[in-house]
Amino acid sequence: MSEPVVSMRQITHAYDQKKVLNNVNFEIPRGAFMGLVGPNGGGKTTLIRILLGLLKPNEGSIKLFNQPIHKFKQWNKIGFVSQKANTFNRGFPATAFEVVSMGLTAKIGYLRFFNKQHKTLVLQALDQVGMLDYAYENVGNLSGGQQQRIFIARSLVNDPELLILDEPTVGVDYENVQRFYDLLHQLNDKQITLLLVTHDTGTMTEHATDIVCLNQTLHFHGKPEEYTSLSKEDLSRFYGHPVNIVTHNH
């Protein structure tokens with residue numbers, strides 16, 4: 001069995017003495033499509049920041065691709081699409097090509113020459129998300145669903161092995177949400193491991209291979225069918241308030 005792409009052990013973190021994560025242990029298997037669910041304030045964003053090396057936990061250890069995080073240097077293996085991508089300034093004067101090319105900054109530097117090979121990488125990333133025909137369109141003129149694909153392309157331009165998406169479907173209409181999940185399945189089929197943070201547990205359980213429910217501690221880590229079979233009492237205990245899973249397979 002291959003090593004997990006992420007392994008977190010006994011992760012604990014607090015802000016001003018208030019614990020937001022308490023003894024969290026979990027792994028992301030290579031090739032998984034994992035959904036991370038849980039209530040607001042449950043620690044999901046903090047966990048992602050720790051995973052990305054942006055925050056050091058008070059306690060615990062992390063391995064990325066079987067390397068301790070403090071020794072890990074190959075950050076191009078991890079792509080990240082922030083929730084803030086959904087609030088992109090439509091007045092920002094940049095084409096889709098230019099936005100995706102920003103993803104190469106860490107690889108080529110701010111002042112390095114952008115060569116033909118780099119251009120090819122950008123166009124390939126746009127093609128991968130079905131947006132090649134919009135390469136030279138101003139991003140502000142694109143729909144929310146199209147913008148979403150551009151920001152995914154920006155993360156894909158470095159050919160990551162793990163892609164993390166934080167609430168990527170906020171503000172996106174139902175039809176584009178379905179197209180978005182189709183895209184994620186295509187990426188997952190190409191051996192990109194996915195971690196998707198979402199409140200849409202109903203849709204997530206239809207698409208993910210694994211579900212993790214986090215509310216300060218890890219309450220559940222298993223298969224979608226196991227999660228949907230949980231009792232209302234269990235879900236309410238996990239979330240700290242009454243919860244129902246609403247599916248969308250209509």
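Overview of results
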| read-out | value |
| --- | --- |
| Verdict on Gly53 being on the phi > 0 side of the Ramachandran plot and in contact with a strand residue (DSSP E or B) (Cβ under 7 Å, 6 or more places away or on another chain) | no |
| Hits in segment 104-152 - residues which are touching a Leu at 6+ places or on another chain (Cβ under 9 Å), modelled with pLDDT of 85 or more and in a loop (DSSP other than H, G, I, E, B) | Val129, Gly130, Met131, Ala135 |
| Residue among Val197, Val212 that is in contact with an Asp or Glu (Cβ under 8 Å, 6 or more places away or on another chain), surrounded by 14 or more Cβ atoms within 10 Å (Cβ to Cβ) and of a type in the set (A, V, I, L, M, F, W, C) | Val197 |
| Unique match (being in contact with a strand residue (DSSP E or B) (Cβ under 9 Å, 6 or more places away or on another chain), in a loop (DSSP other than H, G, I, E, B) and closer than 24 Å to Phe65 by Cα) among Asn158, Asn188 | Asn158 |
| Single condition Leu162 does not satisfy, out of (1) crowded, with 17+ Cβ neighbours inside 10 Å; (2) farther than 30 Å from Lys18 by Cβ | (2) |
| Test for Val24: is it within 20 Å of Leu184 (Cα to Cα), modelled with pLDDT of 95 or more and not basic (Lys, Arg) | no |
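The values are calculated or read from the model by the stated rules, or taken from the named source; none is laboratory data. Owing to the predicted nature of the structure, the values given are computational and were not obtained by experimental measurement. Note that we place each Cβ from the backbone using ideal geometry, even for glycine, and neighbour counts take in every protein chain shown.
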